[in-house]
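Just so it is clear, none of the values below were taken in a lab; they were calculated from the coordinates. Since the model is a prediction, treat every value here as computed from it, not as a measurement. Don't worry about glycine lacking a Cβ; one is built from the backbone with ideal geometry, like all the others, and counts go over all protein chains shown.
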Amino acid sequence: MIEISLDNLTFESALAELEKIVRELEDGQVGLEESLAHYEKGVTLLRRCYSQLQKAEQRIMLLKGLDGDNQPVTEPFETKPETVEDKPARKKTNNGDHLF
């Protein structure tokens, strides 16, 4: 079983550990119980990475220009979750040329 302390895990460390888990699962050399434990740990790591990326996005500032003293003028970069309505509609074809 993989033992990781998530307390002080950096994004890069979590991602490296996640990649290691994926390699071990793809290798197919571990038993069912160990595979399940790896999978559960991988899900935890994936959530941690996603959370860290969201926090990083929230810290990004949008550069609006310069003020009169040549100092940068910024504002928070606001993102919103993408919904189905936000995505451009795909043209449906029936000829089977574009399956993916």
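So, counting K/R as plus one and D/E as minus one, what does the shell of residues with Cβ under 13 Å around Val73 add up to? Display every interim value, and only then the final one.
On the way: positive: Lys64; negative: Asp67, Asp69, Glu75.
Computed value for this residue: -2.
Just the number: Rg to Rh for the range 1-82, Cα atoms, Kirkwood Rh, two decimals.
Numbers: Rg = 19.3 Å, Rh = 15.5 Å.
Dividing the radius of gyration by the Kirkwood radius yields 1.25.
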